[in-house]
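Structure, as C-alpha cells:
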Amino acid sequence: EDQVTQSPEALRLQEGESSSLNCSYTVSGLRGLFWYRQDPGKGPEFLFTLYSAGEEKEKERLKATLTKKESFLHITAPKPEDSATYLCAVQARGGADGLTFGKGTHLIIQP
Amino acid sequence: EAGVAQSPRYKIIEKRQSVAFWCNPISGHATLYWYQQILGQGPKLLIQFQNNGVVDDSQLPKDRFSAERLKGVDSTLKIQPAKLEDSAVYLCASSLDGAAGEQFFGPGTRLTVL
C-alpha cells in the first residue's frame with residue numbers, strides 16, 4: 001500500500017525565515033511525486049511534479065527536491081501570502097492514476 | 001482557460017438522506033477523479049474515470065456511493081443514504097492525460113451530515 005507522511009504537521013515562521021517541509025513516501029514504483037498548495041475553502045493548486053531522484057524544480061520562493069525515499073519543499077524568504085497547507089502526493093506506476101496524499105503541512109508566515 | 005467547476009459549494013443534510021454533487025471538468029480533459037477530503041486529512045481518491053469508463057473505484061463505498069460520467073464530460077457523485085462520517089469536502093479533479101499528468105482541482109463541495 002502506498003503511503004505518504006508529511007512533517008511537520010504545522011509550522012509557524014517569521015517573514016523572511018527560510019525552512020523546509022518534508023515528505024516521506026513508500027510506493028511500489030514511483031511514477032511521479034506531486035506538491036500542491038491548498039488555501040482555506042479552496043481546492044488544491046498544483047505546484048510541481050518530480051519524476052526521478054535528484055530532480056529539482058523551482059517556482060518563485062519555492063524549490064522542490066526528490067530522493068528515493070523523500071521529497072523536500074524548501075521555502076526561501078517566505079512572505080505572509082505563502083501561508084497555506086502544502087500537500088504532497090505520489091502516483092504509482094501501473095494501474096490507475098489516482099494520487100495518494102499525505103495529511104499536509106499547515107504553514108503560517110507571520111509579518 | 002476555465003477551471004474545474006463544481007456545484008453546489010455547500011450542502012447540509014440529515015443522516016439517511018441522499019445527496020448529489022456535480023462536476024464539469026476542464027474542456028478536453030479525458031480523465032476525471034473524485035476525491036474525499038475529511039477535515040485535517042489529505043484528499044482520498046474515490047473513483048477515476050477515463051472518458052466515460054471507470055478505471056478505478058476500489059476505494060468507493062459502493063453500498064452507498066455511486067458515480068457516473070455520461071458522454072465523457074460532466075460527472076455526478078451520489079450518496080444514498082448518507083452517514084455522519086460522510087461529512088467532508090468532495091473534490092473533483094481532471095487531467096489531460098492521467099499518466100503522470102497534472103491534476104487540476106475544483107473548489108469542492110462541503111457536505112455536512114447532521
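The values are calculated or read from the model by the stated rules, or taken from the named source; none is laboratory data. Being a predicted model, the structure only gives us computed values, none of them experimental. FYI the Cβ positions are ideal-geometry reconstructions off the backbone, even for glycines, and counts take in every protein chain you see. Surface accessibility is based on the protein's heavy atoms, side chains included, excluding ligands, DNA and RNA. Shrake-Rupley method; radii C 1.70, N 1.55, O 1.52, S 1.80 Å.
Among the residues of the range B:26-38, those that are outside any strand (DSSP E or B) and either surrounded by 13 or more Cβ atoms within 10 Å (Cβ to Cβ) or within 11 Å of chain A (Cβ to nearest Cβ) (or both) comprise B:Ile26, B:His29, B:Ala30, B:Ile38. No other residue among A:Gly43, A:Gly32 is surrounded by 15 or more Cβ atoms within 10 Å (Cβ to Cβ) and assigned to a loop (DSSP other than H, G, I, E, B) apart from A:Gly43.
Number of residues in the range A:69-104 that are surrounded by fewer than 15 Cβ atoms within 10 Å (Cβ to Cβ) and among the aliphatic types (A, V, I, L, M): the value is 1.
Could you go through the range A:4-14 and let me know if any residue there is open to solvent by 60 Å² or more (accessible area, probe 1.4 Å), free of Cβ contacts under 8 Å to residues at least 60 places away in the same chain and more than 24 Å from B:Trp34 (Cα to Cα). Checked the range A:4-14: no residue is open to solvent by 60 Å² or more (accessible area, probe 1.4 Å), free of Cβ contacts under 8 Å to residues at least 60 places away in the same chain and more than 24 Å from B:Trp34 (Cα to Cα). Once the range A:16-29 is narrowed to residues that are outside any strand (DSSP E or B) and not small (Gly, Ala, Ser), the residue that is farthest from B:Tyr90 (Cα to Cα) is A:Glu17.
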